[in-house]
1. For region 145-172, give me each residue that is over 19 Å from Pro251 (Cβ atoms) and in contact with a Phe, Trp or Tyr (Cβ under 9 Å, 6 or more places away or on another chain).
2. Taking Met172 as meeting all but one of (1) surrounded by 13 or more Cβ atoms within 10 Å (Cβ to Cβ); (2) over 16 Å from Phe62 (Cβ atoms); (3) not hydroxyl-bearing (Ser, Thr, Tyr), write down the number of the exception.
3. When both residues are 6+ apart or on different chains and their Cβ atoms are under 6 Å apart, which pairs have a first residue that lies in region 107-121 and is over 22 Å from Met24 (Cβ atoms) and touching a residue at least 12 places away in the same chain (Cβ under 8 Å), and a second that is of a type outside the set (Phe, Trp, Tyr) and surrounded by 15 or more Cβ atoms within 10 Å (Cβ to Cβ)?
4. Of the residues Val57, Val51, which is in contact with a Gly (Cβ under 6 Å, 6 or more places away or on another chain) and not aromatic (Phe, Trp, Tyr)?
5. Restricted to region 161-190, and to residues that are among the β-branched types (Val, Ile, Thr) and within 30 Å of Leu72 (Cα to Cα), which residue is farthest from the chain's Cα centre (by Cα)?
6. Mind checking which residues of region 12-62 are closer than 16 Å to Ala199 by Cα and of a type in the set (S, T, N, Q)?
7. Name the single residue that is surrounded by the fewest Cβ atoms within 10 Å (Cβ to Cβ) among those in region 135-162 being in a helix (DSSP H, G or I) and of a type in the set (Ser, Thr, Tyr).
Amino acid sequence: MSAFSIHFAFEFRTGIRDRTLLLMNYLLPLGLYFMLGFLLTELNPYFTEVVIPAMIVIAILFSVIIGLPNPLLAARESGIFRSYKINGIPAISILTIPAVTTILHTMVVAVVITTTAPLLFGGLPVVNWFGFIAFFLLAAFVHAGLGMLISVVSSSTRTVVLWSQLILLPSMMLGVMIPLRDLPAAFVKVALFLPATHAMSVFQGLAVNQTTAIAPVWSILILLTGGLLSFGLANYLFCWDSQNKTRRGHPALALVALLPYILGIILL
């Protein structure tokens, strides 16, 4: 427990002291929140209904999809994880502690957004806090799993950027900014492939009691299954360093984590 606490405290402080992580965890999400809040609420009245969940999802995307994989990849390639292995630290701790500390940083940003959006931008206030907490935890959980999976299967920072952007950009445009009901039929299928779309459905259906295009219970099931698969596959495919030849499966196995979203597209 002592080793766990030391590792946890170190990772949490790193999220504030490291300039890149500080940018991804706090400065960029909050900067985008204020900029898009003032801009989009004037241009698009609909945005006031979703400013809280949209900006929280964007904060999660930048923290765990953009900010989380690179430090894990750099530590693996520099051989740091070998010393962890020698000292008996399990792979699951190496992956989950940075994910949990990053989620805690994002939680601080979520509190700022939730408390200020109704005052500054006329955002729709939360009426069901249980639904809001479910929305935040599921969104953070599933995206953190994907961030860990990206770090495990990527062989270079270039690959990390490719996979991260492949999730970030469609999520911001189709999963967050544009409501599902306004998308053409072809783009609806793409949107249903994104965890951000299902996270928004959970918020609108449970936190503010709105009618949603997807039943929130299905979105919860898809997110929970997808998150569990991502965490499990990240642990299964984990390598201690680039010289490790004992990987238990091919990196392409990570695509299994997409199965719940594919089934969602077919069944919903």
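1. Leu168, Pro170
2. Result: Met172 fails condition (2) only.
3. So the pair list comes out as Phe121/Gly37; Phe121/Thr41; Phe121/Val51.
4. On inspection, the qualifying residue turns out to be Val51.
5. Applying the filter and picking the extreme gives Val190.
6. Across region 12-62, there are no qualifying residues.
7. Per the stated criteria, the residue is Thr157.
Residues are listed down the side, and each one gets a yes or a no for (1) in contact (Cβ under 8 Å) with a residue 60 or more places away in the chain; (2) among the aliphatic types (A, V, I, L, M); (3) farther than 27 Å from Val112 by Cβ:
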site: Val127; (1), (2), (3): yes, yes, no
site: Gly145; (1), (2), (3): yes, no, no
site: Gly175; (1), (2), (3): yes, no, no
site: Arg181; (1), (2), (3): no, no, yes
site: Pro184; (1), (2), (3): no, no, yes
site: Phe187; (1), (2), (3): no, no, yes
site: His198; (1), (2), (3): yes, no, no
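The values are calculated or read from the model by the stated rules, or taken from the named source; none is laboratory data. Because the structure is predicted, anything quoted here is derived from the model rather than measured. All Cβ positions, glycine included, derive from the backbone under ideal geometry; neighbour counts span all protein chains shown.
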